[in-house]
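Read the structure below first, then the notes.
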Amino acid sequence: MTVDVFDLTGKIAPPEARYDVVVVGAGSAGTAAAIEAAEGGRSVLLVDENPVPPGMMGTDVPLFYGGRMTAAAANPARMVEAIFAANPLLETAFDAGVEVLLGTCAWGLYRNGPAMRTLPGAMLGLADADRAWMVGYGELVLATGARDVVLGFPGWDRPGVMGAQALYALLTRYEALSTRRVLILGSDRLALETALLARAHFIEVAGIVEIGDTVRAPAELVAHVVAAGITIHTGTVIARAEGGIDGVERAVLLRDGIEIVVAVDTICLAIGTEPATELLDASGPADAAIRLVGDCAGSGSDRAAIAAWSRAIGAVAAPETIVCQCEEVSRADLLGVQPPRYLDRPIALAARSLATLGHDGPVDPDQIKRLTRAGMGACQGRRCRTQVACILSEASGLSVNPATYRAPVRPIPLKLLADWDEVAAMAAGWDVWFGIPTQWTPYAKIGTDDEAVGGNMHV
Amino acid sequence: MSDVPAALPASAPLPASATVVVVGAGVTGLSAAWWLARSGVDVVVIDKGIVGWEASGRNGGGASHYQSPLFAEEQRLWPQMDELLGYPTEYQRERIIIQRDAALLDHYRAVGRMCSAMGYRVDDLDSAQAQAMVPLTDATCLGGIHLRFGGHANPQRTVQAYAWALQDLGGRIVQHCAATGFATAGGRVTGVETARGTIACDAVVVAAGPQAAALLAPIGIDFPVTAARAEMIVTEPAPLMPIGGVDGNGLYGRQTLRGNLAFGGGPHEWIATTGDGPEARPASPLIRSLARRVAEMFPRAAHLNVIRSWAGIVENTPDGRPILDRVGNVTVATMSGVGFGLSPASGHAIRDLVVDGECSFADIAKLGLARFADLEPDWREQRGWAAQAADTGLAA
Ligand SMILES: Cc1cc2nc3c(=O)[nH]c(=O)nc-3n(C[C@H](O)[C@H](O)[C@H](O)COP(=O)(O)OP(=O)(O)OC[C@H]3O[C@@H](n4cnc5c(N)ncnc54)[C@H](O)[C@@H]3O)c2cc1C
């Protein structure tokens, strides 16, 4: 059979190492799974992206840190110590023979399937501060946890607006949270536990905000919070965050049309969480070799409650409120399906909107992402994809999914992601396009004696 | 998954008839429909998904296909497209190709001379000139060529611009509605069949990308086209270079107006598609080899983060050249892998074929189906272009 030398077959190297079990995420669920597998006699790799490089934390990767890290977060050695201190099971894992790699993220999951048959096996892309590489697995355990549902309100792009998962990680895993006085949004178990955790770490809790008329958390938890003297504002919504060069200085709340000003340096979104399943989302459905454990296996918080918060914020947020921080897309731009500001907005565009797009059929979140650029930025849409989906759902009356994730699911520098040790066939079979020489024959020469081609002439 | 509509549309009734039905809302079908609507033709475009969801919304955005008989018309049109359509396409003029390999540089210099001889001016750049024009490269760049023609645009934005412009002229677009076959009478197509009913028509345009082969076979049209997956990566924004259309080092792509570097190139994988389209569009670890070449081409951008990758399904004919032809009242069109850049002109040519029976502005006779009269049934295998069977893949 003829071989197309420019075909991908045989050009992707087999993974550098292979383990019976690879576990992504060294939280309690992932560590326990790794220990169990190792004790069963299997070779096990356990990776965790923490400590995350400080630059990444600054762009809210992977959690919504809101810039509230102390300088300690910039000291990786200290951070490794803090992580070990926070999770004593890691020692056990070491003793059980688990290979533990901290500061190592998993950025891509690749498997053969209907539209890809040429991989030499399923593989997972990893990267640390120095290099990227691929590992193979017999079983892949995803224990990647959950992340904050982030809903933007006016001023949410100031430093000091952060998520509850990020606050928890900075407090307990990193011991590197700079917050002194915090306001917490949401009144579910997550919100109240966050309030109590902050209190236990001597952070002042200026209040808890709930849009509904009743507190959502179980009564005994509410009792703890009340006993701790923490105010719960029901029937109240966040109107905006105000502040200066160091970020948030106060939160302005709105209750029955009356503004309440609360002096805080941090506003913590504890409205909900969603499973951190982006590795799978970018790769396709799970298969028999993949297992999800811990929070990433859950379904996340009550969607109706999140939608209610989104509507309540939307009712008080001005149209120019930013939705996508990276690409500076406002609510009005999103709902108008308008292009980014660096492009002209000709008159015809003013007549176009989500509503007119909806006439053509159900709106697709990825189509709107590409047109508005909301979710296309350096944070890879982690900060805004859920709120974009909420806003699109509200406006269209349909249930619009969040835009899709794409590998690499963590931002990885070109030089680090690069494969500097490609198999020889890769360079030998590399063409700019398909390597079909007749494709580039100038039309006039087709069928003449001059038709003989001079190799790739793609321009 | 985004490909599944979030909810079923409150579907408008399927149009009962149209003068022309276009199957496929990629750039080729949409441009054709727009040109037809500009001539006052009542046109309906149907697509199995949403506009531009296949190759047309996922490509490199390059527009510099000097080899095509449609190129002069394309060059005339692109600078006017934003105005003609009424919506932004992000079109930018000109391209640069730089190289860090002496043999490749020589090769491209020769291609440049050939283009100049065809009337499309190309200037040589020495290393210093190339570095001045492409600030993200460095002294490892041996030089390049500057194409005083061609350019690039934003794929999804351009697709949407065609679609909106078409609607502004009264054309109709029906999404999530696949053509399943054709109604015929007396050797002519009288309607396009869909799961929602049949749209009666006087003429049909099939611009269904790689899926056109399966659609056309039942009405006796052998349309040799096959599918492959091609991949691209994109970085976070870099400072804007004076010309965003910079290729080289085995890559094609562009710097977007936002600053992102979006590049593709290298090996493809031949895949099977059904009439319903590709089953998935996965990217592969090839993105690491792409990252390497982008880092080599732009050493001053090598620290930038890669933030996405994607794949698209490319249509290819046996000789890699377009098919533009009319059989009875069926006009068939594929641009064989270079359809985005040529779309302003391909639509014009298709409009001419539908309305006048021949192209008014260029000789396209050599792009007809007749050239495949003797094509062997196993042309894919002969070229090594057959999709691998599931069980030959080296186990997952
Ligand atoms: C990664 C990549 C990079 C590329 N780079 C460039 C570049 O830089 N420059 C360039 O010029 N070209 C480039 N191309 C190629 C270019 O994208 C294609 O040539 C072009 O988009 C083809 O357009 P089309 O409308 O003919 O086909 P498609 O875009 O494939 O559109 C066909 C449409 O038909 C629909 N369809 C199929 N079957 C049916 C049915 N039965 N009923 C209804 N609808 C149906 C499909 O859903 C689809 O929307 C690239 C392609 C890829 C994937």
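The values are calculated or read from the model by the stated rules, or taken from the named source; none is laboratory data. Just so it is clear, the structure is predicted and the values come from calculations on it, not from any experiment. Ideal geometry is used to build each Cβ from the backbone, glycine not excepted, and the neighbour counts take in all protein chains shown.
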Restricting attention to strands (runs of 3 or more DSSP E) lying wholly within segment B:1-110, give those where 1 or more residues are at the interface with chain A (Cβ under 8 Å from one of its Cβ atoms). B:92-99
Odd one out for A:G138, checked against (1) closer than 13 Å to A:V24 by Cα; (2) touching a Lys or Arg at 6+ places or on another chain (Cβ under 8 Å): (1)
Selected residue [among the charged types (D, E, K, R), more than 23 Å from A:V323 (Cβ to Cβ) and not in a loop (DSSP other than H, G, I, E, B)] from A:E175, A:E193: A:E193
Residue under question is A:L196, and the condition is that it be among the aliphatic types (A, V, I, L, M) and crowded, with 24+ Cβ neighbours inside 10 Å; does it hold? no
Pick from segment B:170-190 the residues that are away from chain A (no Cβ under 14 Å) and either crowded, with 19+ Cβ neighbours inside 10 Å or among the charged types (D, E, K, R) (or both): which of them is farthest from the ligand (Cβ to nearest atom)? B:R188
Qualifying residues in segment A:380-405 (those that are within 28 Å of B:R293 (Cβ to Cβ) and buried (at least 23 other Cβ atoms within 10 Å of the Cβ)) - the one farthest from the other protein chains (Cβ to nearest Cβ): A:R382
Within segment A:237-276, count every residue that is crowded, with 22+ Cβ neighbours inside 10 Å, out of contact with any Phe, Trp or Tyr (no Cβ under 6 Å at 6 or more places or on another chain) and assigned to a loop (DSSP other than H, G, I, E, B). 5
If you go through segment A:281-299 one residue at a time, do you hit one that is assigned to a strand (DSSP E or B), of a type in the set (A, V, I, L, M, F, W, C) and under 30 Å from A:D20 (Cβ atoms)? yes
Residues (touching an Asp or Glu at 6+ places or on another chain (Cβ under 6 Å) and within 23 Å of B:G24 (Cα to Cα)) located in segment B:349-396: B:C359, B:G368, B:L369
Against the definition (of a type in the set (A, V, I, L, M, F, W, C) and out of contact with any Phe, Trp or Tyr (no Cβ under 6 Å at 6 or more places or on another chain)), how does A:I446 come out, yes or no? yes
Do the conditions hold for B:A387, that is, is it modelled with pLDDT under 95, surrounded by fewer than 15 Cβ atoms within 10 Å (Cβ to Cβ) and within 14 Å of chain A (Cβ to nearest Cβ)? no
Subset of segment A:184-213 [on the phi > 0 side of the Ramachandran plot and without any contact (Cβ under 8 Å) to a residue 24 or more places away in the chain]: A:F202
Across segment B:273-292, which residue is surrounded by the fewest Cβ atoms within 10 Å (Cβ to Cβ) among those that are under 30 Å from B:P218 (Cα atoms) and more than 8 Å from chain A (Cβ to nearest Cβ)? B:T274
Checked segment B:103-140 for anything among the hydrophobic types (A, V, I, L, M, F, W, C) and in contact with a Gly (Cβ under 6 Å, 6 or more places away or on another chain); matches are B:L105, B:V122, B:L125, B:A130
Taking helices (runs of 4 or more DSSP H) that fall entirely within segment A:344-459, which contain at least 3 residues that are more than 29 Å from B:G151 (Cβ to Cβ)? A:354-359, A:385-396, A:424-428
Whichever residue in segment B:141-166 is out of contact with any Gly (no Cβ under 6 Å at 6 or more places or on another chain) and facing chain A (nearest Cβ under 8 Å) and, among such residues, is farthest from the ligand (Cβ to nearest atom): B:W164
So in segment B:283-311, with the set limited to residues that are farther than 20 Å from A:G375 by Cα and not in a helix (DSSP H, G or I), which one is nearest to the ligand (Cβ to nearest atom)? B:S284
Can you tell me how many residues within segment A:35-56 are under 24 Å from the mean Cα position of the chain (by Cα) and closer than 11 Å to A:V98 by Cα? 3
Residue match in segment B:85-97 (condition: surrounded by fewer than 21 Cβ atoms within 10 Å (Cβ to Cβ), free of Cβ contacts under 8 Å to residues at least 40 places away in the same chain and under 30 Å from B:S360 (Cβ atoms)): no
I'd like to check something: does segment A:121-142 contain any residue that is under 27 Å from B:V306 (Cβ atoms), of a type in the set (A, V, I, L, M) and surrounded by fewer than 17 Cβ atoms within 10 Å (Cβ to Cβ)? yes
Do you know which residues across segment B:191-214 are touching a Cys at 6+ places or on another chain (Cβ under 7 Å) and more than 9 Å from the ligand (Cβ to nearest atom)? B:G191, B:R196
B:D123 being within 14 Å of chain A (Cβ to nearest Cβ), more than 16 Å from the ligand (Cβ to nearest atom) and in contact with a Ser or Thr (Cβ under 9 Å, 6 or more places away or on another chain): yes
Any residue at all in segment B:45-54 that is farther than 23 Å from A:L349 by Cβ, surrounded by fewer than 24 Cβ atoms within 10 Å (Cβ to Cβ) and within 12 Å of the ligand (Cβ to nearest atom)? yes
Could you check segment B:326-341 and list, in sequence order, the residues that are more than 6 Å from the ligand (Cβ to nearest atom) and either part of a loop (DSSP other than H, G, I, E, B) or not hydroxyl-bearing (S, T, Y) (or both)? B:R326, B:V327, B:G328, B:N329, B:V330, B:V332, B:A333, B:S336
Restricting to strands (runs of 3 or more DSSP E) lying wholly in segment B:225-278: which have 3 or more residues that are among the aliphatic types (A, V, I, L, M) and within 10 Å of the ligand (Cβ to nearest atom)? B:226-235
